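**Q** Right, I'll just put the structure down here and ask away after.
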Amino acid sequence: MKIYLATGNLNKKREISQVLPDFEVVIPKEMGIDFDPEETGTDFYQNSMIKALDLWHKARSLEKEPPLVMADDSGICVDALDGAPGVWSARYAGPDFMRGKPDGSKISQDEQNRFLIEQTSAAVAAGTPKNGFLYQNGSRSCHYACSMVLLVNPSRFFIAQETMEGSVIERIEDARGTGGFGYDPIIYLPQYKKTVAELSADEKNAISHRGKATRAILEIIKKL
């Protein structure tokens, strides 16, 4: 069965394909589809639906039957920053540009990592109120969140949302690991005594926000 995955991120395709080895997972670029929807949602679910619907309409002309589309939106949420950068994780450019730069340009991942560590440290030092956040892993507590949509058609879809709990390391010099992508080298998992980037692919898929959401969607596909 072919599944259209609404992303241009090859790392996401790799992780999701590992959980769905019996399916042909394709991304828009591989199918010659121009795919760059404007992600205007204010939460992960809204953005995942924007991407899923955009790709569904474009892929429909390529298939005899309506395509099956998966989309996810994910990000890192730091409790001391009231859940920021959240849905703006990919666009985050430090405390002056929490939701991205006005011109749409992006900074490097290394810069994002440094900014997030420094901003978390400043918030912790200032004694930022908890504002209802759980702080499961101390004052630097954070979690990855992933909202994943399985779109059968615009009026029939399923949603899974999962998290992976951790904490932001204290110094950029403590960043470790070469696996994963994004903020993974600076997110520490106390139960594993490793950063996310130090996990093997199988370890990460077993506990990650995206891995758990993908398995939940897989169970839904089996019942369709």
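The values are calculated or read from the model by the stated rules, or taken from the named source; none is laboratory data. Only a predicted model underlies this, so the values are computations on that prediction, with no experimental measurement involved. Don't worry about glycine lacking a Cβ; one is built from the backbone with ideal geometry, like all the others, and counts go over all protein chains shown. With ligands, DNA and RNA removed, areas are computed over all heavy atoms of the protein, side chains included. Shrake-Rupley method; radii C 1.70, N 1.55, O 1.52, S 1.80 Å.
**Q** What is region 103-224's relative contact order, in percent, from Cα pairs under 8 angstrom and six or more apart in sequence?
**A** 23
**Q** Please work out, to two decimal places, the log10 of the ratio I(q)/I(0) at q = 0.14, 0.22, 0.29 Å⁻¹ from a Debye calculation in which every Cα of region 1-53 carries one identical scatterer.
**A** Normalising to I(0) and taking log10 leaves -0.39, -0.88, -1.17.
**Q** Take each of the peptides 23-31, 101-109, 61-69, 183-191, average the number of other beta-carbon atoms within 10 Å over its residues, and list them starting from the highest.
**A** Descending packing order for the listed peptides: 183-191, 23-31, 61-69, 101-109.
**Q** Using only the heavy atoms of the protein chains and a 1.4 Å probe, how would D202, D82, D174 rank by accessible area, largest first?
**A** My answer, sorted largest first, is D202, D82, D174.
**Q** Can you work out the Karplus-derived ³J(HN,Hα) for every residue in region 158-163? Use 6.51 cos²θ - 1.76 cosθ + 1.60 with θ = phi - 60°, whole Hz, and x for glycine or proline.
**A** Couplings: 10, 10, 10, 10, 9, 10 Hz.
**Q** Can I ask one more? Cα axis of helix 109-125 to longest principal axis of the chain: angle in degrees, 0 to 90, nearest 10?
**A** Tilt relative to the chain: about 50 degrees.
**Q** For the chain, what is the largest minus smallest coordinate of the Cα atoms on each principal axis, given in angstrom and ordered from greatest to least?
**A** That gives 58, 38, 32 Å along the principal axes, largest extent first.
**Q** Hey, can you find the accessible area per residue of the chain for me, probe 1.4 Å, expressed in square angstrom?
**A** 49
**Q** What residues from region 168-184 fall in the zone where the backbone N is under 19 Å from a label point 7 Å along the Cα-to-C-beta line of Y135?
**A** Within reach of a label on Y135: 168-170.
**Q** Cut-off 10 angstrom, C-alpha nodes, Gaussian network model of the chain. Which of G32, G211, G75 fluctuates the most?
**A** G32
**Q** On to the next question. Given contacts defined as C-alpha pairs under 8 Å and at least six residues apart, what's the relative contact order of region 1-56, whole-number percent?
**A** Relative CO of region 1-56 lands at 35 percent.
**Q** Also: In debye, nearest 20: dipole of region 1-149 around its Cα centre with unit charges on the Cβ of K, R (+) and D, E (-)?
**A** 120
**Q** OK, next. Which order do K2, K222, K51 take by accessible area at a 1.4 Å probe, largest first?
**A** Listed by decreasing accessible area, they come as K222, K2, K51.
**Q** Using only the C-alpha atoms of region 1-112, find the volume of their convex hull and express it per residue in Å³.
**A** Taking only Cα atoms, region 1-112 has a hull volume of 119 Å³ per residue.
**Q** Right, something else. What ranking do 192-198, 137-143 get when scored by the average of other Cβ atoms within 10 Å per residue, highest first?
**A** 137-143, 192-198
**Q** If you rank R176, R171 by how much accessible surface each has, with a 1.4 Å probe, what is the order from largest down?
**A** R171, R176
**Q** Let me have the relative contact order for the chain, percent, based on Cα pairs under 8 Å that are six or more residues apart.
**A** Value for the chain: 18 percent.
**Q** Relative to the longest principal Cα axis of the chain, at what angle does helix 10-19 sit, 0 to 90 degrees, rounded to 10?
**A** Computed tilt is about 70 degrees.
**Q** With axes computed from alpha carbons, what is the tilt in degrees of helix 44-59 against the longest principal axis of the chain, rounded to the nearest 10 within 0 to 90?
**A** Helix 44-59 and the main axis of the chain meet at about 30 degrees.
**Q** A further question follows. Report P(r) for region 146-224: all Cα-Cα distances, bin width 5 Å, range 0 to the bin holding the largest distance, values in whole percent.
**A** Result returned by the calculation: 3, 15, 22, 19, 13, 10, 8, 6, 2, 1.
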